[in-house]
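Participant: Before we start, here is the structure in question, set down as structure tokens.
The values are calculated or read from the model by the stated rules, or taken from the named source; none is laboratory data. Please read all numbers here as calculations on a predicted model, not as lab measurements. Counting neighbours? That spans all protein chains shown, and the Cβs are built from the backbone with ideal geometry, glycine included.
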Amino acid sequence: MDLGISGRRAAVAAASSGLGLASARALAAEGCAVVICGRDEKRLADAAASIGPACTPLVCDVSDAEGGARFVAAATEALGGLDILVTNAGGPPPGTFATTDVDAYPPALDLNLMSVVGMAKAAVDPMVERGWGRVVAITSVSVRQPIPNLILSNTARAGATAFLKTLAREVAGSGVTVNSVQPGTHRTPRMTQLYGRDATEVRMGDPEDFGAIVAFVCSRQAGYLTGAQIHVDGGAYQALQ
């Protein structure tokens, strides 16, 4: 299916590996010009090379609102404008209520909430002015069903989801859609970091399949899809809503 986004300009945050990289690949395969960012220059360059000549790598840290805004500004300059924004960031350290200090919460909120706010603040108004745009946030199924030992991620990503839902309502009808895609367990470096060898024993999704879903949410056909939280978790989430 032609998703109708060939020639669109996309920025994908934290895309040197994992679900961000898979999303960038899927968008490039649909004919988008793509800018990706990461903190490790070598790994980022390798990721961009794996995507192809349509991809531009930018070394950038999106661990807070200012970093997120800088990434969007640099991507906009590199592409001459921005039509698609995929927000993404690594996860904060694992921990429980008992093992997590209060001082650990502000950096986690910066990483998984305020970075999203900063990117959206920089990207959405120009999209509204042009009458077309797609914002897709990679969050986590933990906002529906909190994951044990990930209290920081559970807390921060839930706040990001509320922000995105509110933003979607405010710009509805402008031609700009705002959605989140909520992964469960996918075969990424983050899962190996969290669960080590045990990760190989768990049924996991393919990051490339996840990226294809992100690309569809950015498509022309998805123009009436906004304010949605789409969980992609292989059926792990069991509630009716």
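Participant: When you go through ALA15, ALA28, ALA24, ALA11 one by one, which is the residue that is closer than 18 Å to ILE213 by Cα, among the aliphatic types (A, V, I, L, M), in a loop (DSSP other than H, G, I, E, B) and touching a strand residue (DSSP E or B) at 6+ places or on another chain (Cβ under 6 Å)? Give the steps one after another, and end with the answer.
Facilitator: Values: ALA28 fails: in a loop (DSSP other than H, G, I, E, B); ALA24 fails: in a loop (DSSP other than H, G, I, E, B); ALA11 fails: in a loop (DSSP other than H, G, I, E, B).
None of the others qualify; the one that does is ALA15.
Participant: Here are some residues: LEU58, LEU19. Which one is in contact with a Phe, Trp or Tyr (Cβ under 8 Å, 6 or more places away or on another chain) and surrounded by fewer than 23 Cβ atoms within 10 Å (Cβ to Cβ)? Spell out how you get there, then give the answer.
Facilitator: Values: LEU19 fails: surrounded by fewer than 23 Cβ atoms within 10 Å (Cβ to Cβ).
Exactly one residue qualifies, and that residue is LEU58.
Participant: When residues of the range 31-40 are filtered for being part of a loop (DSSP other than H, G, I, E, B) and crowded, with 24+ Cβ neighbours inside 10 Å, how many remain?
Facilitator: Taking the range 31-40 as the starting set, the residues that turn out to be part of a loop (DSSP other than H, G, I, E, B) are 31-32, 39-40.
This time we only want the ones that are crowded, with 24+ Cβ neighbours inside 10 Å, so: 32.
Here the count works out to 1.
Participant: Here's another thing I want to ask about it. Given the structure, is ALA108 of a type outside the set (Phe, Trp, Tyr) and assigned to a loop (DSSP other than H, G, I, E, B)? Full working, then the answer.
Facilitator: Values: of a type outside the set (Phe, Trp, Tyr): yes; assigned to a loop (DSSP other than H, G, I, E, B): no.
For ALA108, the condition - of a type outside the set (Phe, Trp, Tyr) and assigned to a loop (DSSP other than H, G, I, E, B) - is not met.
Residue by residue, here is whether (1) touching a Ser or Thr at 6+ places or on another chain (Cβ under 9 Å); (2) modelled with pLDDT under 95 holds:
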site: ALA162; (1), (2): no, no
site: ASN179; (1), (2): yes, no
site: MET191; (1), (2): yes, yes
site: LEU194; (1), (2): no, yes
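Participant: In addition: Can you tell me which of THR99, THR166 is out of contact with any Gly (no Cβ under 7 Å at 6 or more places or on another chain), at pLDDT 95 or above and not in a helix (DSSP H, G or I)?
Facilitator: On the way: THR166 fails: not in a helix (DSSP H, G or I).
Going through THR99, THR166 in turn, just one is out of contact with any Gly (no Cβ under 7 Å at 6 or more places or on another chain), at pLDDT 95 or above and not in a helix (DSSP H, G or I): THR99.
Participant: Write out, first by first residue and then by second, each pair whose Cβ atoms fall under 7 Å of each other, whose residues are 6+ apart or on separate chains, and whose first residue, in the range 117-141, is part of a helix (DSSP H, G or I) while the second is of a type in the set (Ser, Thr, Tyr).
Facilitator: Hits for this filter: MET119/THR87; VAL128/SER174; VAL141/TYR237.
Participant: Starting from residues that are free of Cβ contacts under 8 Å to residues at least 24 places away in the same chain and either assigned to a loop (DSSP other than H, G, I, E, B) or of a type in the set (Gly, Ala, Ser) (or both), keep the ones in the range 143-157 and report whichever is surrounded by the fewest Cβ atoms within 10 Å (Cβ to Cβ).
Facilitator: Here is the first cut: in the range 143-157, the ones free of Cβ contacts under 8 Å to residues at least 24 places away in the same chain are 146-147, 154.
The next check asks that each one be either assigned to a loop (DSSP other than H, G, I, E, B) or of a type in the set (Gly, Ala, Ser) (or both); those that pass are 146-147.
Numbers: PRO146: 16, ILE147: 18.
Among those residues, the one meeting the criterion is PRO146.
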